[in-house]
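Structure record follows, encoded as structure tokens.
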Amino acid sequence: MSGGVHPEVAALLEESRPELVGFVVREARGLLRFESAEDLVQAIHLRAVEKSGRLDFRGREPFFAWLHTLARNHLSDRRAHWGALKRCSGRLLRYTAGAADTADPLAVPLPAAPGPGPSTFADRREQIVLAVRTLDALLPRDRDLVRWTSEGLPLAEMAARLGVTYAAADQARRRALERFRRAFGLLSGR
């Protein structure tokens, strides 16, 4: 069926919402640190609507089985997404403070912790989660520039990937890092 969502699909998505929220809460415990269950369900519904044009609707039970497969795949994709971002997230914290030396965006040191302890680890974990959320909220080009900088990618390689001059890449990187700092400040309430 082209030109819209099959009426049965729309009704079944709405009917399945409470059960799907429960499924997400059970299956996505680790993801709930980054995204709410409602946001995940909304994204699953969006994916279902996008794919419903190719769906051969055969009734309720096959639809619910298809929806659960779709939900599992979406949760797997989100785990992979957040896992990739978390791998470099500790390095992202270097960019959350204002740059002491704007000539070198890497010059921002990590704040010294008063000592290892549960509250220190919890605070650092919260900062990492917030840094990853901030990175995810940036526009794709800014996100790439901040991520590449945190991975230590040379500026010449960034310029080549963007298809711009070295100077333009340097300016774009500085702006992306500044946007990241501002967004982090807004999200953290600083």
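The table below lists the values:
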| item | result |
| --- | --- |
| Number of positions in region 147-176 that are at pLDDT below 90 and surrounded by 14 or more Cβ atoms within 10 Å (Cβ to Cβ) | 5 |
| Number of the exception - residue 58 against (1) at pLDDT 70 or above; (2) in a helix (DSSP H, G or I) | (2) |
| Cβ pairs under 8 Å, 6+ apart, first in region 162-190 and assigned by TED's automatic domain parsing to the domain that holds residue 126 and under 14 Å from residue 142 (Cα atoms), second outside any helix (DSSP H, G or I) and at pLDDT 90 or above | 172/164 |
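The values are calculated or read from the model by the stated rules, or taken from the named source; none is laboratory data. Computed from a predicted model, the values in this text were never measured in an experiment. All Cβ positions, glycine included, derive from the backbone under ideal geometry; neighbour counts span all protein chains shown.
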